[in-house]
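The values are calculated or read from the model by the stated rules, or taken from the named source; none is laboratory data. Values in this document were obtained by computation on a predicted structure and should not be read as measured data. Cβ atoms come from the backbone with ideal geometry, glycine included; neighbour counts cover every protein chain shown. The accessibility values were calculated without ligands, DNA or RNA, using every heavy atom of the protein model including side chains. Shrake-Rupley method; radii C 1.70, N 1.55, O 1.52, S 1.80 Å.
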Amino acid sequence: MIRDDISNEEYHASDAISSSAVKTVLKSSVWHWKNQVQKETTAMIRGTAVHDFALEGGKNTVRGPETRRGNAWKEAVENAEGKTVLPEKEYDEAQHIAEALFADPACAKQLNCKDGRKEYSIFVECPETKLKLRCRPDLYNPHDMVMSDVKTTVDASPTGFNREIYSKWRYDVQAAFYKYVAELAGWKVMHFAFLAVESNPPHAAHMHVMSLDAMSQGHQDMMFALEQIAEAKVKDDYSLNWGKFTMIHPPSWVMSE
């Protein structure tokens, strides 16, 4: 099922498995996924605003007062009708970050694609695990069959963002998950691209396209995590699986010759 008529809040209210759940299981355990508490940070709020400026022209973001303190801020939030409110400086910065994406030709081509499907919500059932899955890709270009995701980052360079993908965020698994869910729903995804832009001035931007090898490895790891989630649900067992205790031995790099 593909929907273009539900809000981000309605989408996140679904109990279907998301790519975030899969990445949490891979990086930690099913226990961490089951017991995680979502906390919205200032960086996450700014990232949401950047997405809004890049994909929706900023229609869901409000320029608030100078700071988050005082009655003026409280009133701005109360009158925002669910929109993201940012202090003046952060609002302007989010705009500048989004503008940097459009200044990069490759990123701009995807963002400006004709009939681009922006922030559609997709819900399917995994035929292998029978789990309900969901994803909400930033952008799908039906002409080139390219799916894109906007990412703010510290380092958008080829080397730096590659480290972000594998060492920190497992974006490769996210890409594979989105492609898997979208294709189950009927979309054809030939390529998956991350439109990365640096959060610090001068906001360099660059498009990173996931290779076939990267997508294949991401898919393999994704299925491993989905199988763990499915098994935990069947057994109603979300334990850490760390054993009663662990015997610690000194690693080789601390051992004296």
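Annotations
- The C-alpha atoms of the chain define a longest principal axis, and helix 171-184 lies at about 80 degrees to it.
- Unit charges at the beta carbon, dipole of segment 81-167: most positive-side option, Leu133, Val146, Ile165: Leu133
- For segment 1-131, alpha-carbon Rg and Dmax in angstrom: 17.6, 53
- Portion, in percent, of the accessible area of segment 117-184 that falls on carbon or sulfur, probe 1.4 Å: 48 percent
- Cα gyration tensor, segment 162-257 - rounded (a/c under 1.5), prolate or oblate: oblate
- Solvent exposure of segment 125-231 as accessible area per residue, Å², 1.4 Å probe: 44 Å²
- Sites matching trypsin sites (Lys or Arg not before Pro) across segment 148-193 that sit in DSSP coil, with at most 13 neighbouring C-beta atoms within 10 Å: Lys188
- Per-pair calculated FRET efficiency, R0 = 41 Å: Met1 and Ala43 via Cβ, rounded to 0.05: 0.80
- Dipole magnitude (debye, nearest 20) for the chain, charges at Cβ of Lys, Arg, Asp, Glu: 420 debye
- Of Leu86, Gly243, Ala156, farthest towards positive along the dipole that unit charges on Lys, Arg, Asp, Glu beta carbons give the chain: Gly243
- Here the sum of -39500 (n - 2.57) over DSSP H runs of 4 or more residues, divided by the residues of the chain, equals -13000 deg cm²/dmol at 222 nm, to the nearest 500.
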